4 protein chains.
Amino acid sequence: MVIVMAPDATPAHIEHLVDLVTAAGGEAYVTRGVSRTIIGLVGDVRQFETLDLRAMPGVSDVLRISAPYKLVSRENHDSRSVVNVRGVPIGGEHMTLIAGPCAVETPDQTLEAALMAKAAGAALLRGGAYKPRTSPYAFQGLGEAGLKILADVRDQTGLPIVTEVVDAGDVELVASYADMLQIGTRNMQNFALLQAAGDAGKPVLLKRGMSATIEEWLMAAEYIAQRGNLDIVLCERGIRTFEKATRNTLDIAAVPVAQNLSHLPVIVDPSHSGGKRDLVLPLSRAAIGVGADGVIVDVHPTPETALCDGPQALVGDDIQELADAVSSMSKLLGRTLATAPEPERAAQTVGV
Amino acid sequence: MVIVMAPDATPAHIEHLVDLVTAAGGEAYVTRGVSRTIIGLVGDVRQFETLDLRAMPGVSDVLRISAPYKLVSRENHDSRSVVNVRGVPIGGEHMTLIAGPCAVETPDQTLEAALMAKAAGAALLRGGAYKPRTSPYAFQGLGEAGLKILADVRDQTGLPIVTEVVDAGDVELVASYADMLQIGTRNMQNFALLQAAGDAGKPVLLKRGMSATIEEWLMAAEYIAQRGNLDIVLCERGIRTFEKATRNTLDIAAVPVAQNLSHLPVIVDPSHSGGKRDLVLPLSRAAIGVGADGVIVDVHPTPETALCDGPQALVGDDIQELADAVSSMSKLLGRTLATAPEPERAAQTVGV
Amino acid sequence: MVIVMAPDATPAHIEHLVDLVTAAGGEAYVTRGVSRTIIGLVGDVRQFETLDLRAMPGVSDVLRISAPYKLVSRENHDSRSVVNVRGVPIGGEHMTLIAGPCAVETPDQTLEAALMAKAAGAALLRGGAYKPRTSPYAFQGLGEAGLKILADVRDQTGLPIVTEVVDAGDVELVASYADMLQIGTRNMQNFALLQAAGDAGKPVLLKRGMSATIEEWLMAAEYIAQRGNLDIVLCERGIRTFEKATRNTLDIAAVPVAQNLSHLPVIVDPSHSGGKRDLVLPLSRAAIGVGADGVIVDVHPTPETALCDGPQALVGDDIQELADAVSSMSKLLGRTLATAPEPERAAQTVGV
Amino acid sequence: MVIVMAPDATPAHIEHLVDLVTAAGGEAYVTRGVSRTIIGLVGDVRQFETLDLRAMPGVSDVLRISAPYKLVSRENHDSRSVVNVRGVPIGGEHMTLIAGPCAVETPDQTLEAALMAKAAGAALLRGGAYKPRTSPYAFQGLGEAGLKILADVRDQTGLPIVTEVVDAGDVELVASYADMLQIGTRNMQNFALLQAAGDAGKPVLLKRGMSATIEEWLMAAEYIAQRGNLDIVLCERGIRTFEKATRNTLDIAAVPVAQNLSHLPVIVDPSHSGGKRDLVLPLSRAAIGVGADGVIVDVHPTPETALCDGPQALVGDDIQELADAVSSMSKLLGRTLATAPEPERAAQTVGV
């Protein structure tokens, strides 16, 4: 850290700061300039965090140098992590496609969507049983009944399931069904939920908060990691900006930036960022081009009747195009498409 | 609602929509223009929400007219609400000052801060026992021990207490001590928490999410109201923008806009928006000038040792200036300063 | 400035930087920490700007300490400036109200608006003859004919005139009529225009760019000042954010922040930030409360026929309320209302 | 357009509006709902723009349906445009790489950068002779001397030149040297400049304003088109958001959105959006993946001495990687790489 003193700081102010830092176990180096003095601090940044140096007399600014996150940082972890979701890898040299309906509505709709996902080359099935909705009058999800549908569809298709949890009190229940817990954009700083997810023993898909900086996103991941769970996948899903032509503004550069700062895999959600079906394919290609470790998309057999986010779900005709794009671009960029394990119970037996 | 058809929409598309709306119990009126057709829908907007009209063939856009919130809307509630917090009014012709430490640290620090708050003219004491922090390595609050300190300070000073709750699972406990539950900016769309707060039987102070639109803020209030709790106070605390000279950008216009859309009282937090001590007083005057129903500020006896947000806490010398500003401007603008009830146990007896 | 070296920087990298800085006439102080080395630079920041230190091998970050603007900075200019516009002061202990129509349309409309402005307590008349419009199909202003109308109305009412200039090529012409040149939000970084305005020998009203940081705003002022013109008034008029309930988000805290960084007066435009008539009065009170040196508002005798921004113009009934608010709040906050000089030709003679 | 009436609008209000619209040559269709009345307007939107319907008594909101731009809209122009820059195509099935130094500094530096650009597969040379800089103390470009250098390098390399113009007064001079005029992000709403560029008889590269909506960007293009110049290429270069990890936030989705709304080609500038060398290649791949018609990048032979934006310029080793990515991805996505014409004078003759 570096303390920048105000032009009118006195020698006593400076001495006081040096004492304070020394007492906290750090070292302080003073540089006196023409108009200002700066003090360089050597030691662990956490030592100094409780000092509130900014409030000290004579201090103009305090600049932090090291990253405030440790466990998810790439600084002490050179190789990129691979997260294993019931046998499906995310990260490393893999390209992992996750697909499924925004919300679980019925067994048939979920199974059909899962088969569409599989046809598109997906290795994991997404689907929400607990839906955080802006309006209390909107569909809020099926709850545990939805989790049971997902588990059943996993048995039939072999696709491990990724599903959202919205309250710390539900984590144990959701983790008993899910293969990966999703934490949504509105809950990125629901710290009780992050900690509960860290304790649950399942990999976590952490969506970026819609107005979170990349640093705050990594700090949220640090909350999970601090509980001993490093199986975290980051998901860029668009941020809130002044532009309203798209639902959110996909921050495509966040992918290489986060990969550079952290060893965790980073995937992209083109459906929620674009908010429109015809943007999903171009944004998926952009994601693969930029180097994302995976893509997560909405698919729905009949989006016109979907209870949630129908306008952005891919339909029948789009699937083959997505499959082709994912497969050809992954190959071009030297990535291997992750595949799903064999189903425990064949989907055909249910007549789909 | 108004459906805007695409230029190439067919008569069959239009007929299909009219049937759909009629089947949902609404009425549809078709206007055929030179290049486009529009369909006006008459009925309750909630009838149409499940239809996903935007995904229908031939539809270009769907425009909503009525507000999506009902219970907190001013449309059916002409007079402005007054919320009563253990005898202290917020709203109507009152001006209510809420003050206290960002975090409860010790009994002495809390009592001293409460006496500072009272000297500034505050009628309510704020103080956090549960602190949502960006870093898992930062001070997270004292929990129930902090609540006990607050209750004790209330007995000594007479100031009813406003304190934050961050997890649905903690609401019952927090509500057993607090006079008003605060929901923080990061939890504005933690819907489980909103619902639990709606069930708790205590007034709620709902801070605006740092990237929430005013409409989303009112929808969050609607979640609480839907549980039968209309004792809600809205708090503008700054939004996230590109400007980094202040911690957040205080959206001062949100106060009259929200007051115009909703009957709920609206107060302002100048401490968290400005993030710097010397901005608190000017922003407080701006808040009173714009017509806010109250102001909530951080005070701390020794901000240089504060475990949270010390740089923005008012200190001894600022208090009289704040008291003067609040008192003189309230008078000028025709508002009555709310006052605290008498303490059950005198603060003097504890030797402060 | 402070150079933060990368963890893997070599002694040769550091030596190279020290040499570079020394060769540029500065001094470099090296502090070696546990994981990183930092180098403090002493000297004028402009010496180092051409070095592109950030691109040097081994460099992780370069942090600037001193402000990059000099002439408009408060660092070397303790007292706050007062700008004199044909006898009307802005800044210091004054409160200056500027009012008038968004666009000059006809002599009658302009004169009526000027008399409304005067009735509201305005000391300066605003009015646009050159209008920058988003659409090429919208009214673009009367040009020189509009300037002549303004000059004529100045003769009749005594109100000095503030009018916008949008192209460097027009500055000489506009300055031959105007008492103060306005540079609008879209042109805040039209550097040729800033320089021409700096050369024109008239005070300049510099609106903040709708997405400019406060630092960029002050740098734009520095462009004008560098031409030897320090008669600059800054105008906060709202910034672009995600919130669409208002036309722009009035950054009310920018007023004290800019006053703290610069000696220039800072005023507020509540009309363009709010975009709605009923927000003008509350936002004007907020501006005076926060400590602005003035307020600039749109007035129009018949806003329903206005060719530009009618919805935000104050009308007859609002004027008295504005006059009362400006007068009573200025008094409360210890400011003297600036007044206009006597007219050279009485308005009554034209029968208004 | 659709007028939404306020709940308390009277029949007289509605009648007044119908008369107004009819008088303006349009048709009005009234739909009376339970709580509100809406009026659909049929006719050209420009007829109604001068009416200021929003300010009329009884009006709650006015919603626009048709796009406000005409000439650049795709509505009446089904095929996508190809812009020809001295023989080099942009748009259609082509992929066009534009490269060069941010600023022209010396003949040698410009020629070397041009040869790097050519090696990377570029068909056009970019380079600035007029530089809009935030600080008046920063390098402002060589002016006409820089244009002469560019013209000379064009002769030697065959690469047509794209160069920025920052003031309407300079357009004629710049157009006498340049093959394509660039209008920068800060000047996107410098309307005098847009009109002058529209009159200059050269293709225009229009960068998106850093806080411009896609609609405003297309309206700026409409200003150029209105002067009869439809040879316009749009360039997405990142927008200003709360995220500071990158210089700007590349709005990658703006490419397909703008291509959908307009027939003009859309290219991407990954250098200015990312602001860092190591982001240029991933963002270029994202741009090609999303379907951009071209990419414009900074290259510099010795970025550590660059007078402008050195940290984002590609250097020797990056060039081959960029050439490979552009070539292989273009092929995969069915685009043909545009190539430069033969030089009039061989570069070899000058000994490079």
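The values are calculated or read from the model by the stated rules, or taken from the named source; none is laboratory data. Quick caveat: nothing in here was measured; it's all calculated off a predicted structure. Neighbour counts are summed over all protein chains in view; Cβ atoms, including those assigned to glycine, are modelled from backbone coordinates with ideal geometry.
Residue by residue, here is whether (1) within 16 Å of A:Pro68 (Cα to Cα); (2) in contact with a helix residue (DSSP H, G or I) (Cβ under 9 Å, 6 or more places away or on another chain); (3) more than 10 Å from chain B (Cβ to nearest Cβ) holds:
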{"position": "A:Gly184", "(1), (2), (3)": "no, no, no"}
{"position": "A:Gly198", "(1), (2), (3)": "no, yes, no"}
{"position": "A:Ile224", "(1), (2), (3)": "yes, yes, no"}
{"position": "A:Ile239", "(1), (2), (3)": "no, yes, no"}
{"position": "A:Phe242", "(1), (2), (3)": "no, no, no"}
{"position": "A:Ala253", "(1), (2), (3)": "no, yes, yes"}
{"position": "A:Pro256", "(1), (2), (3)": "no, yes, yes"}
{"position": "A:Asn260", "(1), (2), (3)": "yes, yes, yes"}
{"position": "A:Pro270", "(1), (2), (3)": "no, yes, yes"}
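With respect to the conditions (1) more than 10 Å from chain C (Cβ to nearest Cβ); (2) crowded, with 24+ Cβ neighbours inside 10 Å, B:Thr305 lacks only one, and its number is (2).
Of all residues in region B:148-178 being among the β-branched types (Val, Ile, Thr) and away from chain A (no Cβ under 14 Å), which is surrounded by the fewest Cβ atoms within 10 Å (Cβ to Cβ)? For region B:148-178, the residue satisfying everything is B:Ile149. Picking from residues in region B:62-76 that are at pLDDT below 80 and within 12 Å of chain D (Cβ to nearest Cβ), the one that is farthest from B:Ala6 (Cα to Cα) is B:Asn76. Show the residue pairs that are 6+ apart or on different chains and have beta-carbon atoms under 9 Å apart, the first residue being within region B:282-296 and more than 7 Å from chain C (Cβ to nearest Cβ), the second being part of a strand (DSSP E or B) and among the acidic types (Asp, Glu). Here the result reads B:Ala287/B:Glu236; B:Ala292/B:Glu236, each pair linking region B:282-296 to a residue that is part of a strand (DSSP E or B) and among the acidic types (Asp, Glu). Can you confirm whether region C:265-275 contains a residue that is crowded, with 23+ Cβ neighbours inside 10 Å, more than 24 Å from B:Leu322 (Cβ to Cβ) and charged (D, E, K, R)? Yes, the conditions are met somewhere in region C:265-275. Residues that are small (Gly, Ala, Ser) and in contact with a strand residue (DSSP E or B) (Cβ under 9 Å, 6 or more places away or on another chain): does region A:132-139 have at least one? For region A:132-139, residues small (Gly, Ala, Ser) and in contact with a strand residue (DSSP E or B) (Cβ under 9 Å, 6 or more places away or on another chain): absent.
Quick check on region B:19-48: of everything there that is assigned to a loop (DSSP other than H, G, I, E, B) and farther than 27 Å from D:Glu27 by Cα, which residue is modelled with the highest pLDDT?
As a first pass, look at region B:19-48 and keep what is assigned to a loop (DSSP other than H, G, I, E, B): B:24-26, B:33-36, B:43-44.
Narrowing further to those that are farther than 27 Å from D:Glu27 by Cα: B:24-25, B:44.
Details: B:Ala24: 84, B:Gly25: 80, B:Asp44: 70.
Checking each candidate, the answer is B:Ala24.
Restricting attention to region B:226-237, the residues that are away from chain C (no Cβ under 14 Å), under 16 Å from the mean Cα position of the chain (by Cα) and free of Cβ contacts under 8 Å to residues at least 60 places away in the same chain total 1.
Residues that are among the charged types (D, E, K, R) and within 11 Å of chain B (Cβ to nearest Cβ) were ranked within region C:272-281; the one that is farthest from C:Val104 (Cα to Cα) is C:Asp278. Scanning region A:238-253 for residues that are among the aliphatic types (A, V, I, L, M) and in contact (Cβ under 8 Å) with a residue 12 or more places away in the chain gives A:Ile239, A:Leu250, A:Ile252, A:Ala253.
If you check A:Asp52 against the conditions, is it within 12 Å of chain B (Cβ to nearest Cβ), farther than 21 Å from A:Gln226 by Cβ, in contact with a helix residue (DSSP H, G or I) (Cβ under 9 Å, 6 or more places away or on another chain) and surrounded by fewer than 19 Cβ atoms within 10 Å (Cβ to Cβ)?
Values: within 12 Å of chain B (Cβ to nearest Cβ): yes; farther than 21 Å from A:Gln226 by Cβ: yes; in contact with a helix residue (DSSP H, G or I) (Cβ under 9 Å, 6 or more places away or on another chain): yes; surrounded by fewer than 19 Cβ atoms within 10 Å (Cβ to Cβ): no.
No: the conditions fail for A:Asp52.
Checking A:Gly294, A:Gly289, A:Gly274, A:Gly238 one by one, the residue that is more than 18 Å from D:Ala254 (Cβ to Cβ) and small (Gly, Ala, Ser) is A:Gly294 and no other. For D:Arg186, state whether it is of a type in the set (Lys, Arg), out of contact with any Asp or Glu (no Cβ under 8 Å at 6 or more places or on another chain) and in contact (Cβ under 8 Å) with a residue 24 or more places away in the chain. When the stated conditions are applied, D:Arg186 passes them.
Only one entry of A:Glu342, A:Glu321 meets the criterion of being part of a loop (DSSP other than H, G, I, E, B), acidic (Asp, Glu), surrounded by fewer than 16 Cβ atoms within 10 Å (Cβ to Cβ) and at pLDDT 80 or above, and that entry is A:Glu342.
Hey, does region A:110-125 have a residue that's within 17 Å of the chain's Cα centre (by Cα) and in contact (Cβ under 8 Å) with a residue 12 or more places away in the chain? Yes, the conditions are met somewhere in region A:110-125. Among the residues of region A:297-309, the ones that are touching a residue at least 12 places away in the same chain (Cβ under 8 Å) and either outside the structural domain of A:Lys207 (by TED's automatic domain parsing) or over 22 Å from the mean Cα position of the chain (by Cα) (or both) come to 6 in all.
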